[in-house]
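Below: the structure, in structure tokens.
The values are calculated or read from the model by the stated rules, or taken from the named source; none is laboratory data. Note that the structure is predicted; figures quoted are calculated from it, not measured. Reconstructed Cβ throughout: ideal geometry from the backbone, glycine too, with neighbour counts over all protein chains shown.
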């Protein structure tokens with residue numbers, strides 16, 4: 001598995017986008033709609049082939065599948081960094097070999113993009129949504145298509161009271177990702193053209 005991208009959720013897409021832009025000081029660009037889950041997003045290119053998405057339920061859309069992914073049906077409060085996504089080359093095999101229920105692979109599309117993502121039936125990922133969503137791309141990765149705004153991920157802190165169990169279930173070895181004990185949540189530190197910025 002490799003780190004693929006980060007997701008910031010909001011009660012509205014406008015709120016999620018504003019949260020990212022205020023935290024990092026750079027503009028995001030329009031993404032699109034995900035018909036299966038009735039969501040829409042904006043995107044930000046990040047160095048090293050990563051990207052960041054702001055995502056929310058689309059009030060004009062009716063989801064084809066419920067609950068929505070990323071636990072968006074239960075999302076409340078201010079916008080925040082809510083999920084991280086890791087890619088792999090054989091999603092079905094990776095999911096089958098997991099010691100936790102990471103979900104079942106679903107085939108998804110947005111425009112020319114094609115991918116599979118493991119989504120639990122409940123929409124809730126293990127360890128209070130701090131376990132990553134798992135993705136396998138079946139089209140060119142979107143990151144090279146995004147405008148770069150000079151953002152570089154220094155590290156992502158993933159906190160959970162059962163950090164050791166989360167780390168063991170994950171088995172990811174990425175020096176940018178730190179699993180630590182604490183209330184469930186995320187904190188990402190970026191280098192930007194205007195200095196170091198933190199996104200929560």
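If you go through region 49-64 and pick out every residue that is surrounded by fewer than 18 Cβ atoms within 10 Å (Cβ to Cβ) and more than 14 Å from residue 33 (Cβ to Cβ), you end up with 1. Listed conditions (1) under 21 Å from residue 71 (Cβ atoms); (2) crowded, with 17+ Cβ neighbours inside 10 Å; (3) out of contact with any helix residue (DSSP H, G or I) (no Cβ under 9 Å at 6 or more places or on another chain); (4) modelled with pLDDT of 95 or more are all met by residue 132, apart from (3). Filtering region 53-73 for residues that are in contact with a strand residue (DSSP E or B) (Cβ under 6 Å, 6 or more places away or on another chain) and within 15 Å of residue 153 (Cα to Cα) leaves a non-empty set.
Taken over region 60-116, the criterion of being part of a loop (DSSP other than H, G, I, E, B), under 27 Å from residue 178 (Cα atoms) and in contact with a helix residue (DSSP H, G or I) (Cβ under 6 Å, 6 or more places away or on another chain) is satisfied by 79, 88, 99, 100, 102. Tallying residues that are more than 22 Å from residue 101 (Cα to Cα) and over 18 Å from the mean Cα position of the chain (by Cα) within region 149-174 yields 2. Going through (1) within 30 Å of residue 193 (Cα to Cα); (2) touching a residue at least 60 places away in the same chain (Cβ under 8 Å); (3) buried (at least 20 other Cβ atoms within 10 Å of the Cβ); (4) within 16 Å of the chain's Cα centre (by Cα) one by one, residue 69 falls short only on (1). Considering 20, 26, 46, 95, the condition of being farther than 23 Å from residue 147 by Cβ, surrounded by 17 or more Cβ atoms within 10 Å (Cβ to Cβ) and touching a residue at least 12 places away in the same chain (Cβ under 8 Å) is satisfied by 95 alone.
Applying the criterion of being part of a loop (DSSP other than H, G, I, E, B) and closer than 21 Å to residue 46 by Cβ to the residues of region 183-200, the residue that is nearest to the chain's Cα centre (by Cα) is 200. Considering region 1-17, and only residues there that are assigned to a strand (DSSP E or B) and touching a helix residue (DSSP H, G or I) at 6+ places or on another chain (Cβ under 7 Å), the residue that is surrounded by the most Cβ atoms within 10 Å (Cβ to Cβ) turns out to be 8.
Kindly indicate the residue of region 151-182 that is touching a strand residue (DSSP E or B) at 6+ places or on another chain (Cβ under 6 Å) and assigned to a loop (DSSP other than H, G, I, E, B) and also nearest to residue 1 (Cα to Cα) among those meeting that condition. My answer is 174.
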